[in-house]
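Below: one structure, written as structure tokens.
The values are calculated or read from the model by the stated rules, or taken from the named source; none is laboratory data. All values derive from a computational prediction rather than experimental measurement. Here the Cβ positions follow ideal geometry from the backbone for every residue, glycine too, while neighbour counts run over all protein chains shown.
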């Protein structure tokens, strides 16, 4: 018994030393972020000078060049572009949405959903039928729906504490409502905006897809406030008509790029730790929280590691994905090239839930790797990260998950996100400098631990 | 062994039942807050119609009447006013702050600190001596300070994750800097604003106190951006002069009130569970986060319990304290009346850290009561409250703590608070409806548990 004691003491001493050194490194990372952080300064030109940057637009091209230059200026070891063809949908002139009844016309706030066909200059007019879900739609059937405009008005559930769960519970109205309604002969759909604030007078756009073999009908989002108004008026007047005019169209696929910057690993340079955000935003938004925040946090994570003088053993890569919003072609292309180039990604992190105060990380992938990361939770708790239990990664890194790679989503507080998501209110002033930096530091800290200890 | 089994089973079943029933009650409270919450609607008139409400002002009187009426309208069992005499400090006309050097005059953003004497129309001019702390001041001594203006420029430490710790580490410059400088013959002090954002062009006011027996010299806050400018210019020019003109003065104490509303307990009506905020705000601020949020959350906590049909066993009392900002007379008066009326407060909760996303509760008082509350942590975790370890209550309830009462502070996320604290930016639009409601629901949930299980 006594014989073994010195060995045990050494082990304990070593453990304490390494723990205390990890704590010191994390503090060094967070201190650098909070004292000298540059994420907010990066976000300023991306949101206020470049602004909206939907795939295929000039803004997206400018954002590609901006992020290439920023990573070059930080002297990352390599910075390059990955060509990818992306969908090119354009909104055209501003939409008109109008409630028509016998007494008066009321203009309401609508916008076309991304990917939708337009009505063209002749517009579309029809009786409004409000439904809450696809089951109600099926029950109404062709006889009640043929030639009408379907109004999907199921609100996001405000009682979900995680607002992404509320989003997940409502978003099928937006993503597949048009095709569901087209099955029964509807001529267009109006979808209640995906937002939790009932007082908004601006619509939230977002992606929709047409199912194969069904008529492609126009689809618009309506502001939550106007959705309540439309619902109220249509209950009073069963013959209420709605006029919409949208000029959107899908052009030929356009050339674009993912932008990649990396710091080469000293020991396992062929093993890649990836951290990412997506460069594209919706056309009506500056995309400050979605996902300018994620982009600058990914770049900042690498900058932080450089700034504290950390030399990674693995290769650390910041990836700005293109086309998360309406096609996810960038993520698919990255995974395709990764296979083609026989790369070995060991983990992929994405920040695409806004740059709010950190709460934790979501994870999907190999159980042993997840368990190892959960063991580091105590190191993150002093910085407010306590939630390591949720599944999930990010849209752009899902193709890597499909190949067995551990994927991690940065998990910030979610309460404010859907006030801005896909809306004109998603502007720089909604981002708090400290919250943004704490997210970048959290990801840099996780990268450090994975790089230092590996995931085996 | 076997004989006892049914009893054990019953015990387990009862525990599960009661746990599951607690979980259900908490969910009912949070659901009501998130679906039908009225805290934000309450905050609107308090901030946008009444606005600034420093003790002794018309705004403070209006806020008293507003909160009395709101609690009456909610049909609380009793609503009454507690008279209290409060300090009555007035700012007078807008301050002038000017950097003077040989080449030009530069106007900077300053405001008098609350409680300070004014310079009067003749102003005060003097050479600027920058110091970081009271030790530097002592080292400089009378020979270097006599007749000069002391510029306290120690920033809040941005690396503190809890921004209240950063505030605590810097605020003595504001609260006692004037008297410290007066010891060595300074004629006035300029204090760097208590804010973490270095780019602000507005000053943060706040309370200062003069130590007995020393000269009362004028004291102003300067915006963080202008503090950096002044520091830079005074390093370049050792003879740099500063001109300030302030017209503030302290008038006779004024009559005011705490406002109390209560729901009578069915079983232990003489035992009081108190939940509170403070009604007064600084004169330059709408006081949305500080502390309109706390006031409406306290009222909302009682409203939520009524709305779900909960009949409390103890008396639940919402208290809007007057004069937290510059004297804490309301808190002292409440405690005094509580003794006089032989009241039995069993716990006092205050929300005075803003209406941001909940993180937990701070607690000071009897260990057994704290331990009991910590045992309920698992019930709060689904709502994001994980921090139950910090000491603390609130300024207004401290006199109750001194009597041995358990005091609890509502603990929200702290990252944004000092961007608004005591500044003109503390407006309604900085408050998020869901974050505000989650705080009210958290306090209502805690009140329910304390009421149901007691603290023994």
### Query
Does at least one position in region B:357-378 carry a residue that is in a strand (DSSP E or B), within 14 Å of chain A (Cβ to nearest Cβ) and under 27 Å from residue B:224 (Cβ atoms)?
yes
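Condition check ((1) out of contact with any helix residue (DSSP H, G or I) (no Cβ under 6 Å at 6 or more places or on another chain); (2) touching a residue at least 40 places away in the same chain (Cβ under 8 Å); (3) exposed (fewer than 14 other Cβ atoms within 10 Å of the Cβ)) across all residues:
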residue: A:37; (1), (2), (3): no, yes, no
residue: A:40; (1), (2), (3): no, yes, no
residue: A:43; (1), (2), (3): no, yes, no
residue: A:49; (1), (2), (3): yes, no, yes
residue: A:55; (1), (2), (3): yes, yes, no
residue: A:61; (1), (2), (3): yes, yes, no
residue: A:69; (1), (2), (3): yes, no, yes
residue: A:73; (1), (2), (3): yes, no, yes
Checked A:455, A:438 against criteria (away from every other protein chain (no Cβ under 11 Å) and either in contact (Cβ under 8 Å) with a residue 60 or more places away in the chain or outside any loop (DSSP other than H, G, I, E, B) (or both)); the one match is A:455
Checked B:316, B:299 against criteria (surrounded by 24 or more Cβ atoms within 10 Å (Cβ to Cβ), assigned to a helix (DSSP H, G or I) and over 15 Å from the mean Cα position of the chain (by Cα)); the one match is B:299
Going through (1) crowded, with 24+ Cβ neighbours inside 10 Å; (2) more than 30 Å from residue A:203 (Cβ to Cβ) one by one, residue A:423 fails only at (2)
Among A:277, A:261, A:265, the single one that is part of a loop (DSSP other than H, G, I, E, B), assigned by TED's automatic domain parsing to the domain that holds residue A:81, surrounded by 16 or more Cβ atoms within 10 Å (Cβ to Cβ) and in contact (Cβ under 8 Å) with a residue 40 or more places away in the chain is A:265
Within region A:395-408, the residues that are surrounded by fewer than 22 Cβ atoms within 10 Å (Cβ to Cβ) and under 30 Å from residue A:158 (Cα atoms) are A:395, A:398
Checking B:45, B:87 in turn, the sole residue that is modelled with pLDDT of 95 or more, farther than 28 Å from residue B:335 by Cβ and within 21 Å of the chain's Cα centre (by Cα) turns out to be B:45
Note: among B:203, B:212, just one is crowded, with 24+ Cβ neighbours inside 10 Å, assigned by TED's automatic domain parsing to the domain that holds residue B:131 and assigned to a loop (DSSP other than H, G, I, E, B), namely B:203
By residue number, the members of region A:407-439 that are in contact with a strand residue (DSSP E or B) (Cβ under 9 Å, 6 or more places away or on another chain) and within 27 Å of residue A:36 (Cβ to Cβ) are A:408, A:409, A:410, A:411, A:412, A:413, A:435, A:438, A:439
Residues of region A:388-410 being outside any loop (DSSP other than H, G, I, E, B) and out of contact with any helix residue (DSSP H, G or I) (no Cβ under 9 Å at 6 or more places or on another chain), in sequence order, are A:401
Only one of (1) touching a residue at least 60 places away in the same chain (Cβ under 8 Å); (2) under 25 Å from residue B:94 (Cα atoms) does not apply to residue B:166, and that is (2)
Restricting attention to region A:100-118, the residues that are farther than 12 Å from residue A:202 by Cα and surrounded by fewer than 21 Cβ atoms within 10 Å (Cβ to Cβ) number exactly 9
key: Condition check for residue B:336: within 23 Å of the chain's Cα centre (by Cα), in the same structural domain as residue B:417 (by TED's automatic domain parsing), part of a helix (DSSP H, G or I) and surrounded by fewer than 19 Cβ atoms within 10 Å (Cβ to Cβ)   = yes
Original post:
Can you spot a residue in region B:97-112 that is within 29 Å of residue B:300 (Cβ to Cβ) and outside the structural domain of residue B:275 (by TED's automatic domain parsing)?
Top reply: no
Residue B:348 meets each of (1) surrounded by 24 or more Cβ atoms within 10 Å (Cβ to Cβ); (2) over 16 Å from the mean Cα position of the chain (by Cα); (3) within 26 Å of residue B:22 (Cα to Cα) with one exception, condition (2)
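Conditions tested, residue by residue: (1) surrounded by 20 or more Cβ atoms within 10 Å (Cβ to Cβ); (2) more than 13 Å from chain A (Cβ to nearest Cβ).
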| residue | (1), (2) |
| --- | --- |
| B:130 | no, yes |
| B:133 | no, yes |
| B:138 | no, yes |
| B:144 | no, yes |
| B:150 | yes, yes |
| B:160 | no, no |
| B:165 | no, no |
| B:168 | no, yes |
